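This report concerns only the one structure given below.
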Amino acid sequence: MAKMGLDRQALLVAAAELADAFGLDSLTLAALAQKLNVRSPSLYNHVKGLPDLRAALTVYCLHLLVDTSRDAVIGKSGDEAILSLCEAYLRFARTRPGLYEAFYKINTQQDEELDSAKQELLDLFVRIMEPYHLGDRETLHAIRGLRSLLHGFATLEQHGGFQMDLPLDASVQYVLRTFLKGMHANKAG
């Protein structure tokens, strides 16, 4: 029987807190049970095991990232929307490092909920690219490029990959503005 007050959502919140504090690879069912003050077998009322927990954590992360990104772009379009989305994305990766790790270690298994969450994030990126009129394929190429820029900065920062005495945010802004110049050149050409 499930512990009173313990549901899948509470379990995911606690798992995300553990992942953020100690890293995704440190997240175990035993550690989660200890944090929730339950016995490990009780978790199986809510998840099928560690792989299921991690897949659910990925979906949870994607929903939070979509909400954060959507909030950042409300009422904005074009360059302003892209820059706001990028700022929100990087802030999310910085403040939720373990949860962000769940996002980029996306489970490749087919899962309807996971596929739906990934599509929701992609749809948001597609919408903010609409003012550039790139065409379907070019829009997806641009999204891949932008996501690669963001992921590169986020993961390199998380792993201490930027050692120069140069403000990281200035580098991010420089690269994003260069990316946007390319978007405008493609739009004009």
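The values are calculated or read from the model by the stated rules, or taken from the named source; none is laboratory data. These numbers come from a predicted model, not from an experiment. Heads up, the Cβs are rebuilt from the backbone with ideal geometry, glycines too, and the neighbour counts pull from every protein chain shown. Just the protein is used for accessible areas: all its heavy atoms, side chains included, with ligands, DNA and RNA removed. Shrake-Rupley method; radii C 1.70, N 1.55, O 1.52, S 1.80 Å.
Annotations for the structure displayed:
- Spatial separation of Cα centroids for the range 11-27 and the range 46-80, in angstrom: 15 Å
- Lys/Arg +1, Asp/Glu -1 at C-beta; the chain dipole; positive extreme among Ala142, Tyr44, Ala81: Tyr44
- In degrees, nearest ten, helix 136-158 long axis to first principal axis of the chain (Cα): 60 degrees
- Shape category assigned to the range 106-167 from the gyration tensor of Cα positions, a/c cut at 1.5: oblate
- Point-charge dipole on Cβ atoms (K/R +1, D/E -1) for the chain, about Cα centre, debye to 20: 180 debye
- Angle in degrees between helix 112-129 and the longest Cα principal axis of the chain, rounded to the nearest 10: 20 degrees
- Accessible area expressed per residue, the chain, with surrounding protein chains retained (probe 1.4 Å, Å²): 57 Å²
- Converting phi to 3J(HN,Hα) with the Karplus coefficients 6.51, -1.76 and 1.60 and the offset θ = phi - 60°, the range 164-171 yields 5, 7, 8, x, 4, 4, 5, 5 Hz in sequence order, with x at every glycine or proline.
- Cα gyration tensor shape for the chain, rounded if a/c is under 1.5, else prolate or oblate: prolate
- In nm, spacing of pseudo-spin labels at Asp123 and Thr28 (7 Å Cα→C-beta vector): 4.0 nm
- Where labels lie 7 Å past Cα in the beta-carbon direction, separation of Arg94 and Arg137 in nm: 3.8 nm
- Peptide packing: for 132-144, 88-100, the average count of neighbouring Cβ atoms within 10 Å per residue gives the ranking 88-100, 132-144, highest mean first.
- The value of relative contact order for the range 22-141, using C-alpha pairs under 8 Å at least six residues apart, is 30 percent.
- Potential lengthening between Lys35 and Arg8 on full extension [0.36 nm per residue; Cα-Cα distance subtracted]: 8.3 nm
- Apolar share of the accessible surface for the range 93-189: 53 percent from carbon plus sulfur atoms, 1.4 Å probe.
- Those lysines that a straight Cα-Cα span of less than 24 Å connects to Lys76, excepting residues fewer than 8 apart in one chain: Lys118, Lys181, Lys187
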